[in-house]
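Inspection log for the structure reproduced underneath, given as structure tokens.
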Amino acid sequence: MSLDQPSRRALVTGLVGTLGVGGAYYLTRSDGTAHDLSPSFHSSDETSNLGVELQGKPIMGASDAPLDIYYWTDFQCPFCEQFERETLPDLVRKYVEQGTVRIIFISLPYFGADSMTAAIGGKCVWDQVRDADPSTYWDWHAAIFEEQGEKNSGWATAENLLEYTRSVDGVDADSLESCLDDRRSALEDEINADSEQARSFGVGGTPTFSVFDPDSESVGTLVGAQPIERFDEAIERIGDA
């Protein structure tokens, strides 16, 4: 697909127009870290123009932002941690806080059982805080990424997630424990359905980002721990399409 003519149809059929692919770690650094951010969050029960059910997914930014960024992520993914530490602060300050972009967080547990446990934990926490204080979700999300260890080393087990949660104000670890016990099967089904849809879009790993204009249905995709300059390019291109 030509990058000059990105389209929703191309993404849905799996022919993703890739604006950037990242494998190596980038050396650019933001002035702050992800945990320094205090972004707003909101929930939605709608199905987006891209065909993604937004219910149960944390959404960072204004509900009426003209552009969406769909962010497929895994708490065990080292490139996701790198993106959140190095690029996300600039993305939030330049576009989310200005009302230009909202970011939809979608779990794609790529690295096995502990990734799935962390993804379920994220859904549990979001369900717990979204109506009372949705921005509290960010404190938990950032805290989990700060604890990231080697993939499948045990750092993301349910026991450890509960321990990390006890240090996050506004999130009830006992409620999280109950949710992990009582709702694991149902939430795992939701995550698997999201993962199946991601595969139908051509998403094959984390982090993957789709920049989408709901009005024009223009879309472009970034893959990997991209620096802010790649997001600048993608946002400008999709916004002008």
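The values are calculated or read from the model by the stated rules, or taken from the named source; none is laboratory data. Just so we're clear, the structure is a prediction, and the values are computed from it rather than from any experiment. In this analysis, Cβ positions are derived from the backbone assuming ideal geometry, glycine residues included, and neighbour counts consider all displayed protein chains. SASA here: full protein model, heavy atoms, side chains in, ligands and nucleic acids out. Shrake-Rupley method; radii C 1.70, N 1.55, O 1.52, S 1.80 Å.
Values as computed for the structure displayed
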quantity	calculated
Size of electric dipole in the chain: Cβ of Lys, Arg +1 and of Asp, Glu -1, about Cα centre, debye, nearest 20	700
Helix-only mean residue ellipticity at 222 nm for the chain, each DSSP H run of n ≥ 4 adding -39500 (n - 2.57), per residue, nearest 500	-11500 deg cm²/dmol
For the range 187-240, Kirkwood radius (reciprocal of mean inverse C-alpha pair distance, Å)	12.4
Fluctuation leader among 82, 98, 226 - the chain, Gaussian network, Cα springs under 10 angstrom	98
Computed over the range 118-232, the ratio Rg/Rh where both radii use C-alpha atoms and Rh is Kirkwood	1.01
Selection of trypsin sites (Lys or Arg not before Pro), the range 91-190, meeting DSSP coil and at most 13 other Cβ within 10 Å	166
Of all accessible heavy-atom area on the chain, the percent that carbon and sulfur account for (1.4 Å)	42
(1) 0.95; (2) 1.18; (3) 1.08, with the label sought being that of the calculated Cα Rg over 2.2 N^0.38 Å	(1)
Segment residue 183-residue 40, length gained on full extension (0.36 nm per residue, minus Cα span)	48.8 nm
Residue 63 versus residue 100: modelled label distance in nm, points set 7 Å from Cα along the beta carbon direction	2.4
Theoretical gain in end-to-end length, residue 216 to residue 153 [0.36 nm per residue, Cα-Cα removed]	18.3 nm
Accessible area per residue in Å² at 1.4 Å probe, computed on the chain	43
Net lengthening on full extension, residue 193/residue 47 (0.36 nm per residue, minus Cα-Cα)	51.1 nm
